[in-house]
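So the structure is just underneath, and the comments pick up after that.
The values are calculated or read from the model by the stated rules, or taken from the named source; none is laboratory data. Computed from a predicted model, the values in this text were never measured in an experiment. Note that each Cβ is placed from the backbone with ideal geometry, even for glycine, and that neighbours are counted across all protein chains shown. Please note that ligands, DNA and RNA were not included when accessible areas were found on the heavy atoms of the full protein model with its side chains. Shrake-Rupley method; radii C 1.70, N 1.55, O 1.52, S 1.80 Å.
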Amino acid sequence: MTRSIKSLSFVASQAPEAQQALGELVARYGNADAETADVIVALGGDGFMLQTLHATMNSGKLVYGMNRGSVGFLMNRFSVDDLPRRIASAVENLCRPLEMRTVDAAGAVSEALAINEVYLFRQSYQAAKLRVSIDGRVRLDELICDGLLLATPAGSTAYNLSAHGPILPLEAPLLALTPVSPFRPRRWRGALLPNHVRVDIDILEAEKRPVNAVADYTEVKSVRSVRISQSENLTAIILSDPDHSWSERILSEQFQY
């Protein structure tokens, strides 16, 4: 696919490398307003890319990232040269976020979105005790663990992979449900779920074993219940170079050692 690129809007993290890159790129290409630009170029690491995708959610804006951070799995390689041509031929990747709805110890309801994953983790020295239901049917009466996460294909190579969860191809209509340090049932290593299901997690013995819930970078403390489902309406669009596509990166990650 080749698109017409007339204007770019640059945004950058506070990292010195990102700020230096911002100055070089603005001097070369100018800096259009984000509302009118054809493409938003994000400079930083994966965390900053997630922030940018959240900020542009459902706007139809295309986001092209270049790595000026540490990991940069979601980013393209950095180069000042020939940027409009690279963006013109970039591949579009559509992301549908997870919607997280929590109820905390005071009964307050919170909602947040996650492009990578929603995860729960124990707040104290005691392991979390959770009940897991899928589409209203209890699948695990009691899971004792340090945490539990639900990852999208885009997020499957992040925290999910570190917790020994499966890598999902970007096109797979799946979500990965992965425990963190499960104690009981000891042999349960997680599940692959269709991306249209609703996952409900109830915290058992919540006062004795408090649990926090996080959607990307939004954290809710002392939750009593968490409901997660993939959004049917919201989307974010990320661009990747055709010779280093996001799908190829996810596939290649499975052969790393």
**OP:** Starting from the Cα gyration tensor of segment 99-159, take the square roots of the eigenvalues, sort them a ≥ b ≥ c, and report rounded, prolate or oblate (rounded when a/c is under 1.5, otherwise prolate if a/b is larger than b/c, else oblate).
**Re:** rounded
Original post:
Can you list the residues, at least 5 places off or on another chain, whose amide H is less than 5 Å from the amide H of Arg224, using H built in the peptide plane?
Top reply: Val103, Asp104, Ala105
Subject >> the chain: angle of helix 46-55 to the longest principal axis, Cα-based, in degrees nearest 10 >> reply: 90
Original post:
In whole percent, what relative contact order does segment 116-166 give with Cα contacts below 8 Å and a gap of six or more residues?
Top reply: 40
**OP:** Using only Cα atoms, tell me the angle between helix 16-29 and the longest principal axis of the chain; keep it within 0 to 90° and round to the nearest 10.
**Re:** 40
Original post:
What is the list of residues in segment 15-29 whose amide nitrogen lies under 16 Å from a point 7 angstrom out from the Cα of Ser7, following Cα to Cβ?
Top reply: 26, 29
Original post:
Using 0.36 nm per residue, how much length does the chain from Thr36 to Glu171 gain when fully extended, once their Cα-Cα distance is taken away?
Top reply: 45.6 nm
Subject >> segment 149-254, relative contact order [Cα under 8 Å, separation at least 6], % >> reply: 22
Subject >> Rounded FRET efficiency, nearest 0.05, which uses the C-beta distance separating Arg249 from Glu207 and R0 of 41 Å >> reply: 0.45
Original post:
Does a label point 7 Å from the Cα of Ala108, set along Cα-to-beta-carbon, have any residues of segment 212-252 with amide nitrogen under 14 Å, and which are they?
Top reply: 213, 219-224
Original post:
How high is the relative contact order of the chain, in percent, counting Cα pairs under 8 Å that sit 6 or more residues apart?
Top reply: 22
Original post:
Given 0.36 nm per residue, what is the gain on full extension from Tyr125 to Leu94 after removing their alpha carbon distance, in nm?
Top reply: 7.2 nm
Original post:
For segment 1-72, what does the alpha-carbon gyration tensor say about shape, rounded, prolate or oblate, given a ≥ b ≥ c as the root eigenvalues, a/c under 1.5 as rounded, and a/b over b/c as prolate?
Top reply: oblate
**OP:** State the extension gain, in nm to one decimal, for the chain segment bounded by Asn195 and Arg28, taking 0.36 nm per residue of separation less the distance between their alpha-carbons.
**Re:** 55.9 nm
Original post:
Leaving out ligands, DNA and RNA, what percent of the accessible area of the chain is carbon and sulfur, probe 1.4 Å?
Top reply: 48
